[in-house]
Amino acid sequence: MVQYDVWTELEAEIKNCKRCPLHRNRKNAVPGEGPRDAKIMFIGEAPGATEDEMGRPFVGAAGKLLTLAIESIGLKREDVYITNVVKCRPPENREPLPEEIEACSIYLEKQIKLLQPAIIITLGNVAGKWVFEKSHNKWNGVMKMRGRVYELNLMGYEVKVIPTIHPAAALYNPRLRSILFTDFTLIKNVLEGATQIYSTSKARSLLDYIKNRRS
Ligand code: URA
Ligand code: SF4
């Protein structure tokens, strides 16, 4: 018997998608990965070379730094959902064009609706702009917007959004690297303070809740 699974179906749809010209040069589309009940969602820009090769998000150099940052606040990569605004690699890693973002948006919209994460962390300018515009808010660029918590109504539900810089930008720049880790400290503080929705479980905070669900 074939079991209907919305996530598997969505991933298959993305892997076969030809809605924009980026499908022509891809080796693999990169739908995203993580628990289907994850409370935290990370959104990047678009796959790079390693991601295109492997069909997985953030597995190259920037991905290693993202993984380190996630571990620096006591979480594991496997605790969070990770995806990108655009699911296929743009040539020479250029920024995705507005029409490519537009064509691909249906997938990120579906992923957000399915997951309904409590917290969304946007990585870099493209992801931040996407989330803010989708929630009808003004986006003033990543350096002005980063490092704060915004309560947004995103497609009809309330979510905390924390914009930070893209880990690729922080790779070879110590000042940006320190900004990235500072913003992750904020993420940790928000997770520790987020208690109300989990008051029925034994966990004292959302951070506890996420750690406990592993065991
Ligand atoms: N950069 C991104 O924005 N996403 C990835 O998956 C890898 C690098
Ligand atoms: Fe489809 Fe998105 Fe890939 Fe374009 S980038 S082909 S819209 S999955």
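Distance between the 7 Å Cα→Cβ label points at H136 and W7: 3.2 nm. Near N28, once Lys and Arg are set to +1 and Asp and Glu to -1 for all other residues with Cβ below 11 Å from its Cβ, the sum equals +3.
Checking the a/c ratio against 1.5 first, then a/b against b/c, what shape does the Cα gyration tensor give for region 1-157? Judged from the Cα gyration tensor, region 1-157 comes out rounded (a/c under 1.5).
Taking every alpha-carbon pair under 8 Å whose residues sit at least 6 apart, the chain reaches a relative contact order of 19 percent. Relative to the Cα centre, the charge distribution of the chain, modelled as +1 at Lys and Arg Cβ and -1 at Asp and Glu Cβ, gives a dipole magnitude of about 400 debye. Kindly identify region 46-99 as rounded, prolate or oblate by the Cα gyration tensor criterion: order the square roots of the eigenvalues as a ≥ b ≥ c, call it rounded if a/c is under 1.5, otherwise compare a/b with b/c, prolate if a/b is larger, else oblate. The shape class here is prolate.
When the charge dipole of the chain is built from unit charges on Cβ atoms (+1 for Lys and Arg, -1 for Asp and Glu) and taken about the Cα centre, the candidate among N28, W139, Y150 whose Cα reaches farthest toward its positive end is Y150. From its DSSP helices (H runs of at least four residues, each -39,500 (n - 2.57)), the chain gives a residue-normalised ellipticity at 222 nm of -12500 deg cm²/dmol.
Measuring nothing but protein heavy atoms, the accessible surface of region 74-215 at 1.4 Å probe radius is 51 percent carbon and sulfur. Solvent-accessible surface of region 7-214, taken per residue with a 1.4 Å probe and all protein chains present: 47 Å².
Subtracting the Cα-Cα distance of N93 and S72 from 0.36 nm times their residue separation leaves 4.8 nm of extension gain. Within region 7-214, DSSP assigns beta bridges of which about 30% are antiparallel (rounded to the nearest 5).
Between M143 and K27, the modelled label-to-label distance comes to 3.5 nm, taking each label 7 Å out from Cα in the direction of the beta carbon. Between G124, I112, P57, the Cα set farthest toward the positive side of the dipole of region 49-181 (charges on each charged residue's Cβ, about the Cα centre) is that of G124. For the pair region 34-113 / region 121-165, the C-alpha centres are spaced 15 Å from each other. Can you bin region 30-75 into rounded, prolate or oblate? Criterion: square roots of the alpha carbon gyration tensor eigenvalues sorted a ≥ b ≥ c, rounded for a/c under 1.5, prolate for a/b above b/c, oblate for the rest. Judged from the Cα gyration tensor, region 30-75 comes out oblate (a/c at least 1.5, b/c at or above a/b). Measuring only protein heavy atoms, the 1.4 Å probe finds K188 accessible over about 70 Å².
Within the shell defined by Cβ-Cβ distances under 14 Å, the residues around R89 carry a net charge of 0, with Lys and Arg each +1 and Asp and Glu each -1.
When the chymotrypsin sites (Phe, Trp or Tyr not before Pro) in region 1-109 are filtered for DSSP coil states and for at most 16 other beta-carbon atoms within 10 Å of their beta-carbon, the remaining sites are Y4.
The values are calculated or read from the model by the stated rules, or taken from the named source; none is laboratory data. In this text the structure is predicted, and so the values were computed from the model without any measurement. Cβ atoms come from the backbone with ideal geometry, glycine included; neighbour counts cover every protein chain shown. Heads up: the accessible areas ignore ligands, DNA and RNA and are worked out on the full protein's heavy atoms, side chains in. Shrake-Rupley method; radii C 1.70, N 1.55, O 1.52, S 1.80 Å.
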